[in-house]
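Here the structure comes first, spelled out in structure tokens, and everything after it is commentary.
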Amino acid sequence: MGPVGNIIFGLLMLVAFSVFGWTLNRFVRFIGKGRPMDGKIEETGARFGDVLTFFLAQKSVAREKSSIHHLLIFWGFLIICVGTGELMIKGLYSQFSYAMIVGATLDGLFKSVLDVTNLVVLCVMGYSFFRRIVLKPALIPLSFDATLILSMISLLCITHFLMHGFEHSANPASISHMPVSYAVASALAGSESAHAGALVNFWIHMIIVLFFLNYIPYSKHVHLLGALPNIALRNRGQKGVLPKRDLSDEAQWGVSHYERFDWKSILDTYACTECGRCSNNCPAFNTDKPLSPMHLVHDIRDESQMRGEKLIQLTPGVSPYLAEELDEDELEMANGIRKILDAYSPSGDASADLNKLMEAFDEVDLPYPDRFEEALGEMEEEGVDVKMELAESLVALERAAIIPIKPSEQDAKIIEGLEEADPMVGGRIKDETLWSCVTCGACEAVCPVFIEHPQKIIEMRSHLVLTEGRMPSEAARFFKGMENNMNPWGIGMDQRLDWAEGLDLPIMEEVFEETGKAPEYLVWIGCAGSYDDRAKKISIAWVNLLKQAGVDFAVLGLEETCTGDAARRAGNEFLFQTIAKENVKLFARYGVKKILVTCPHCYHSFKNEYRAFGGEYEVTHHTEFLQKLIADNTFKINQKIGKTTTY
């Protein structure tokens, strides 16, 4: 290719990469509209290992035999990308070759691998078409998007062979180290248009590459951009642990719009590979409920692009929720405070900065002078350094970027459009979709890129429950039973210990009064163990075994309530927090440190979620504890069952 061709190719690359950069910037800004990420990003070394294991090595994908072909596509794609890098540089400087950097031997070895890889990928593309047309696995259709992508990858492989085949015919340099291309070259030997054929196939190849680059963000292959950072930033702690919300802040009463998620939850949606594992393993989806975890994730991503396009047009600092958060006078005062902050520049000298701040304060007319002066007077009477408190508060507000700005006329139009748009929750995502989830976590467990589906569903349910008061009648009855009698069935609290009649169990309150201390273990029976006829049998057998083993324990009896786990999963964060705080307070009164449970939900709550409320306990499931008693010969098994048992 001559100098003119190099220049045209350079301009084409500049345009393609500029458009790609513009798209990427927009997507990052859409994601950035989410609230700050829950938790901290730690364990940097381990996260690098996660990228190697789960992104490059594709460990999660390799778990399923039906996905082996995807491994070939992914690894082949990486090798082809390296080969494409050489072609891009060659398009700018025709004489370039990797041999100039690594030497002819290594370059020849790489070209051999590249050639065979293209053949493997081309064969896998054929299988991918066959799979979608003939085998038709669930949620893997032959859509326009899939057809276009598979066709483009196939053409990339075909043009690779034709380009090198024609090139060899035009310039008989040996390419015997490229077996497939060499075979193509042999078939094309003697072609009079070999040079033109090589050039045409080069341009077709590179135009497909540059088009594919810009098509990726708008296709199912957007996960090529989102998967790596999502894996690197994945939650490395216990799965299923929900973060504690500050319920004094109404903005944390669940998620109504996509930007109420934290930005990592939004990034999740751009990492989805559309493999369908989540939906195929979802009990709701498999029983024809209106929930597909995969499509729910796509709905959130689509919402982020539609709504995000408008949000990024707002003046920085303008909130689309001002009408909900502030009245007109409060907004005017916020603007006054903003002017105060804009009127001084921090120098690092605390005293000088304070004086500048107070001078600026004197120059701004706030709309609440009487109320403000009254508050200042009360603070002075209490001995508070008013100026210092004010300065520190304003600077803290500025650093947190939470002082709102009054919207301009253009901002007001954008906000009006956002308010008139269909809601995400109750609109794009139907109520019945959210209530179909049983929060089992199967979707999250099988996701190869660590998307946290259940947390998103629970946060949207929280909006329905806490803000809208919109829920199925079954959920309303369940919450009422929890609120009135501390169990989901609403059975009287006075019946919680009826199951233990005649067992002569040690009751925590009585033991504590007699001995002045709690026994070693609190045995938490739970709602099912106290009220459900089948579970009562387990409770009776369990405590009898503990008594037989001489374990120092007690039950709470009528003081026992519920962990609140079911309420939290159903979206009633307020009810959960109320119950959790009361339980932590009760346990602290007795000095409880060790808890034995039969219920897996109670186990999870005490062990993982009560920590946020100050409850640090050693929690043991009854199966683990019984195994321990058998292991140390407290119990001896004299009779073999002779069959496999699940418990």
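Below, the figures for the structure above:
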{"read-out": "Selection within region 261-280 - surrounded by fewer than 22 Cβ atoms within 10 Å (Cβ to Cβ) and among the basic types (Lys, Arg)", "value": "LYS264"}
{"read-out": "Residue match in region 66-78 (condition: at pLDDT below 95 and farther than 30 Å from MET163 by Cβ)", "value": "yes"}
{"read-out": "From the options LEU314, LEU322, residue that is buried (at least 16 other Cβ atoms within 10 Å of the Cβ), farther than 30 Å from CYS437 by Cα and modelled with pLDDT of 85 or more", "value": "LEU314"}
{"read-out": "Scope region 441-457; condition open to solvent by less than 10 Å² (accessible area, probe 1.4 Å) and part of a helix (DSSP H, G or I); matching residues", "value": "HIS453, LYS456, ILE457"}
{"read-out": "Subset of region 43-71 [over 30 Å from PRO137 (Cα atoms) and either open to solvent by less than 50 Å² (accessible area, probe 1.4 Å) or without any contact (Cβ under 8 Å) to a residue 40 or more places away in the chain (or both)]", "value": "THR44, GLY45, ALA46, ARG47, GLY49"}
{"read-out": "Count of residues meeting criterion [at positive phi and touching a helix residue (DSSP H, G or I) at 6+ places or on another chain (Cβ under 7 Å)] in region 258-289", "value": "2"}
{"read-out": "First in region 628-641 and in contact (Cβ under 8 Å) with a residue 60 or more places away in the chain, second anywhere and assigned to a loop (DSSP other than H, G, I, E, B) and not β-branched (Val, Ile, Thr), Cβ under 9 Å, 6 or more apart", "value": "LEU629/PHE635; THR634/GLY550"}
{"read-out": "When residues of region 6-24 are limited to those that are without any contact (Cβ under 8 Å) to a residue 24 or more places away in the chain and small (Gly, Ala, Ser), the one most open to solvent (accessible area, probe 1.4 Å)", "value": "SER18"}
{"read-out": "Filtered residue count, region 412-440, keeping only those that are among the charged types (D, E, K, R) and either under 15 Å from HIS453 (Cα atoms) or assigned to a helix (DSSP H, G or I) (or both)", "value": "6"}
{"read-out": "Residue check for GLU459: within 29 Å of SER539 (Cβ to Cβ) and either acidic (Asp, Glu) or more than 42 Å from the chain's Cα centre (by Cα) (or both)", "value": "no"}
{"read-out": "Residues that are open to solvent by less than 40 Å² (accessible area, probe 1.4 Å), in a loop (DSSP other than H, G, I, E, B) and without any contact (Cβ under 8 Å) to a residue 40 or more places away in the chain, drawn from region 473-511", "value": "GLY490, GLY492"}
{"read-out": "Pair list, Cβ under 9 Å, 6 or more apart: region 557-586 residue at positive phi, other residue among the hydroxyl-bearing types (Ser, Thr, Tyr)", "value": "GLY564/THR578; GLY564/SER605; GLY571/SER462"}
{"read-out": "Of all residues in region 242-253 being in contact with an Asp or Glu (Cβ under 6 Å, 6 or more places away or on another chain) and surrounded by 15 or more Cβ atoms within 10 Å (Cβ to Cβ), the one that is modelled with the lowest pLDDT", "value": "GLN252"}
{"read-out": "Members of region 83-111 found to be more than 19 Å from VAL4 (Cα to Cα), part of a helix (DSSP H, G or I) and open to solvent by 30 Å² or more (accessible area, probe 1.4 Å), listed by number", "value": "ALA99, MET100, ILE101, VAL102, ALA104, THR105, LEU106, LEU109, PHE110"}
{"read-out": "Region 109-121, residues that are among the hydrophobic types (A, V, I, L, M, F, W, C) and either within 18 Å of ALA185 (Cα to Cα) or touching an Asp or Glu at 6+ places or on another chain (Cβ under 6 Å) (or both)", "value": "VAL113, LEU114, VAL116, LEU119"}
{"read-out": "Some residue of region 18-35 being in contact with a strand residue (DSSP E or B) (Cβ under 8 Å, 6 or more places away or on another chain) and not polar (S, T, N, Q)", "value": "yes"}
{"read-out": "Condition broken by GLY642, with the remaining ones in (1) open to solvent by 60 Å² or more (accessible area, probe 1.4 Å); (2) not in a loop (DSSP other than H, G, I, E, B) satisfied", "value": "(2)"}
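The values are calculated or read from the model by the stated rules, or taken from the named source; none is laboratory data. Not measured: the values here are computed from a predicted model. When we count neighbours, we look across all protein chains shown, and the Cβ atoms used for this are built from the backbone with ideal geometry, even at glycine. Accessible surface is based on the protein model in full, side chains and every heavy atom, while ligands, DNA and RNA are left aside. Shrake-Rupley method; radii C 1.70, N 1.55, O 1.52, S 1.80 Å.
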